[in-house]
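First the structure, in the form of structure tokens, and then the observations on it.
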Amino acid sequence: MKLLIDIGNSRVKWARSEPGRYTFGGAFATDASSLAGACESQMAELPRPEAVLVSNVAGARMGRLVADWASARWAVPVRFLCSEASAMGVVNAYPDPARLGVDRWLGLIGAWRMHRDACCIVSAGTALTIDLLDGEGRHRGGVIGPGLSLMRTALTSLEALAGEVESGNDFFCNRTAPALSSGILYSAVGLIRESLGRAARLLATEPVVLLTGGDAAMLRPYIEGPVQLVPHLVLEGLHAVAERSP
Ligand SMILES: Nc1ncnc2c1ncn2[C@@H]1O[C@H](COP(=O)(O)OP(=O)(O)O)[C@@H](O)[C@H]1O
Ligand SMILES: CC(C)(COP(=O)(O)O)[C@@H](O)C(=O)NCCC(=O)O
Ligand SMILES: [K+]
């Protein structure tokens, strides 16, 4: 068994990888003060993994905390994945491949393994990242926007907008709280819809949407066309790599 760990800027997600079998394990906050304790409470009882594969986009300190915990618990090799120029049929669009977030890279790897066709990966996490993969496995680039919580935190930090964001049904609202909710939601939905329109024109075909991340389920009703909800695409990408690694 290999242990897969996705360290995002809001949450750490983990899973078990065995040949032909991927099992989601759990999630906990990406918080330095509680990280080791959360690893202990969620993963300590696992059988000793033969390896730990990590995707980390939350900085070196979080990565070190997880690696130190795993090394102390099992004395097992901890491998931090890096974005590459190409791998497993996917070609990175970045001229400097290592600069592409490794979560986005592993999302592309996971998407290609699932679909082997043109797809648009929408990852609704701390950031809202959208990446386009063409029918030949070429990454055509992507965009990085604010996630829902990030927008909420930024806007409600303004004194005039402080307080609860209240979900509503209208687009145009006559009270501050629902107006915030509508603006935040459609900022994300607008970016997604713009991306999908441009993707269809660029590829001359409508790519399937792979929707992932903590806000995926919430955004799903607002996205037209073929959409597949994949709660943890980064972990699926790590599983694809794990199955190919010795
Ligand atoms: N239990 C949860 N804890 C924290 N955020 C959650 C939770 N469930 C859903 N979310 C939403 O998901 C987002 C984080 O998604 P996630 O994909 O875990 O982000 P990242 O990969 O950037 O850490 C948060 O911004 C929040 O809006
Ligand atoms: C943009 C991100 C921080 C998203 O992280 P997340 O929302 O998953 O926490 C991550 O993809 C990243 O570190 N990207 C590096 C810059 C780039 O991809 O161009
Ligand atoms: K993301």
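Bear in mind that the values in this text are calculations on the coordinates, not laboratory data. These numbers come from a predicted model, not from an experiment. Positions of Cβ are generated from backbone atoms using ideal geometry, with glycine treated the same way; all protein chains shown enter the neighbour counts.
Here are a few things to note about the model shown:
- In order along the range 91-106, the Karplus-derived 3J(HN,Hα) couplings, from 6.51 cos²θ - 1.76 cosθ + 1.60 at θ = phi - 60°, round to 10, 6, 7, 6, x, 10, x, 5, 7, 6, x, 5, 5, 5, 4, 5 Hz, and Gly and Pro are given as x.
- Other residues within the sphere of radius under 13 Å centred on the Cβ of ALA51, judged by their own Cβ, net out at +2 (K and R +1, D and E -1).
- Cα gyration tensor shape for the range 180-246, rounded if a/c is under 1.5, else prolate or oblate: oblate
- The chain - mean residue ellipticity at 222 nm from DSSP helices (-39,500 (n - 2.57) per run, n ≥ 4, rounded to 500): -11500 deg cm²/dmol
- Computed magnitude of the charge dipole of the chain (debye, nearest 20; Cβ of K, R +1, Cβ of D, E -1): 420 debye
- Here the range 117-231 is treated with +1 on each Lys and Arg Cβ and -1 on each Asp and Glu Cβ, and its dipole about the Cα centre works out to around 140 debye.
- If a spin label sat at a point 7 angstrom from the Cα of SER157 along the line to its beta carbon, the backbone N atoms of the range 11-37 nearer than 20 Å would be those of 11, 30-33.
- Note on the range 2-80: antiparallel DSSP beta bridges, both residues inside, total approximately 60 percent of the bridges counted.
- Per-residue packing, averaged as other Cβ atoms within 10 Å, sorts the ranges 197-203, 233-239, 5-11, 112-118 into the order 233-239, 5-11, 112-118, 197-203, beginning with the highest.
- Rounded to the nearest 5, the antiparallel percentage of DSSP beta bridges internal to the chain is 60%.
- Shape call, the range 163-203: gyration tensor on alpha carbons, a/c limit 1.5: prolate
- Tilt relative to the chain, helix 176-203 - C-alpha long axis, 0 to 90 degrees, to 10: 70 degrees
- The Cα atoms of the range 2-80 define a convex hull whose projected area, averaged across directions, is 4.5 nm².
- Cα centroids of the range 86-132 and the range 135-207: 20 Å apart.
- Theoretical FRET efficiency, 1/(1+(r/R0)^6), r = Cβ-Cβ of ALA98 and LEU202, R0 22 Å, to 0.05: 0.30
- VAL208, VAL230 arranged by Cβ crowding within 10 Å, fewest neighbours leading: VAL208, VAL230
- Subtracting the Cα-Cα distance of LEU229 and SER149 from their residue separation scaled by 0.36 nm leaves 26.8 nm.
- Dipole size of the range 2-80 about its Cα centre, with +1 on Lys/Arg Cβ and -1 on Asp/Glu Cβ: approximately 160 debye, rounded to the nearest 20.
- For the chain, the ratio of Cα radius of gyration to the globular rule of thumb 2.2 N^0.38 Å stands at 1.05.
- Taken along its three principal axes, the alpha carbon spread of the range 70-134 comes to 42, 25, 25 Å, from the longest extent down to the shortest.
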